[in-house]
1. Is there a residue being under 22 Å from VAL201 (Cβ atoms), touching a residue at least 12 places away in the same chain (Cβ under 8 Å) and β-branched (Val, Ile, Thr) anywhere in region 44-59?
2. Quick check on my filter: what residues within region 284-303 are open to solvent by 40 Å² or more (accessible area, probe 1.4 Å) and modelled with pLDDT under 95?
3. GLY71 passes all but one of (1) among the small types (Gly, Ala, Ser); (2) touching a residue at least 40 places away in the same chain (Cβ under 8 Å); (3) at negative phi; which number fails?
4. Looking for whichever is within 27 Å of THR265 (Cα to Cα) and within 14 Å of the ligand (Cβ to nearest atom) here; the options are GLY107, GLY152. Which one fits?
5. Would you point out the residue of region 66-99, among those that are under 25 Å from the mean Cα position of the chain (by Cα), more than 15 Å from VAL8 (Cβ to Cβ) and basic (Lys, Arg), that is most open to solvent (accessible area, probe 1.4 Å)?
6. Determine which single condition GLY157 fails, assuming it passes every other condition in (1) in the same structural domain as ILE102 (by TED's automatic domain parsing); (2) within 10 Å of the ligand (Cβ to nearest atom); (3) outside any strand (DSSP E or B).
7. Quick one: is SER144 within 16 Å of the ligand (Cβ to nearest atom) and within 16 Å of GLY300 (Cα to Cα)?
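The values are calculated or read from the model by the stated rules, or taken from the named source; none is laboratory data. Not measured: the values here are computed from a predicted model. Using ideal geometry, Cβ is built from the backbone for each residue, glycine included, and neighbour counts are taken over all protein chains shown. Note: accessible area is taken over every heavy atom of the protein model, side chains too, but ligands, DNA and RNA are not part of it. Shrake-Rupley method; radii C 1.70, N 1.55, O 1.52, S 1.80 Å.
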Amino acid sequence: MSRVTVRVPAKVNLSLGVGRARADGYHSLATVYQAVDLHDEVRATDRDDDEVTVTVHAEIDLPEGTAVPVGDDNIAVRAAKLLREHLGRPDLGADLSIRKVIPVAGGMAGGSADAAAALVGCNELWGGGLSRLELEPLAAELGSDVPFLLHGGNAIGGGRGETISPILARGSYHWVFATAGEGLSTAAVYAEFDRLNPHGVLEPEVPDALLNALRAGDAHALGRSLSNDLTDAALSLRPELADTLKVGLEAGALGALISGSGPTTLFLAASEQHGLDLAMALASTGTAADVIQSRGPVTGARLI
Ligand code: C5P
């Protein structure tokens, strides 16, 4: 019996520029991703038959009304099946076991992370021999954020988020995440974005100030240049997130932002100690379900 384990990070969008809805229903994006030190683990064990199964061990509280699917609709299962189809080996099987730490339905790409990990893990388990570059098109088919999670670090995402260009960046950043008790559907937030922008929007761009801040490794400048075009849509669906953002800013965060489509909020701290102070301020107000300290950037999906 062979077994491999892959560790995969969550992502944040330091800027999320959202353009028009395309003919395929996705929105064009200009985003800056950063992979952060909050990891799921996916273990893949081979099988004698062609079944692909999944079990999920959640180390976090799942949002109300949310369950990670444990059938063929689990995105890690879909990833494994897509890979074996690509390899022309429908006979291959695997048992996947996911240790879940990344918030579910939280705007941190937890599902996409598991898909990236399943691709890397099953490619190794089955001797697929595909390079990371060769896994990319499969990753893109599974979800807009999946290619970035193969790479990690800092990168610009174009297209619908799946086209990745690494960027020159310095520094390690201290983050505090505040999770919400109830998840948000990414599709619902994009639909709300369309409803709030009935006359369309301009093509998005990555802000120069953000790229300069990353190049300089300047946390204060980075804090000032964080942006998210989905903010109004997420706040329209979850007005109470405005309170959480306010608490973090009043407690001295260098910047505060909704993570992706939300509802997780993120706060940039100047140091580990500052992060702890922010975390305590956020936890004491009771606006968040959980408060997590983290760092970024970190590397993408890796065998351990
Ligand atoms: O790519 P992914 O499956 O993660 O996207 C989930 C949903 O979010 C899509 O079905 C779509 O409704 C919305 N989305 C979008 N534009 C993007 C990415 C996601 O409209 N660039």
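1. Checking region 44-59: not a single residue is under 22 Å from VAL201 (Cβ atoms), touching a residue at least 12 places away in the same chain (Cβ under 8 Å) and β-branched (Val, Ile, Thr).
2. Matches in region 284-303: SER284, THR285, GLY286, THR287, ALA289, ASP290.
3. Looking at each condition in turn, GLY71 falls short on (2).
4. None of the other options fit; the residue is GLY107.
5. Restricting to residues being under 25 Å from the mean Cα position of the chain (by Cα), more than 15 Å from VAL8 (Cβ to Cβ) and basic (Lys, Arg), the top hit is ARG78.
6. Every listed condition holds for GLY157 apart from (3).
7. Answer is yes for this residue.
Yes or no, residue by residue, for (1) over 17 Å from the mean Cα position of the chain (by Cα); (2) within 14 Å of the ligand (Cβ to nearest atom):
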site	(1), (2)
THR5	yes, no
VAL8	no, no
LEU14	no, no
GLY25	yes, yes
THR31	no, yes
VAL36	no, no
ASP40	no, no
ASP50	yes, no
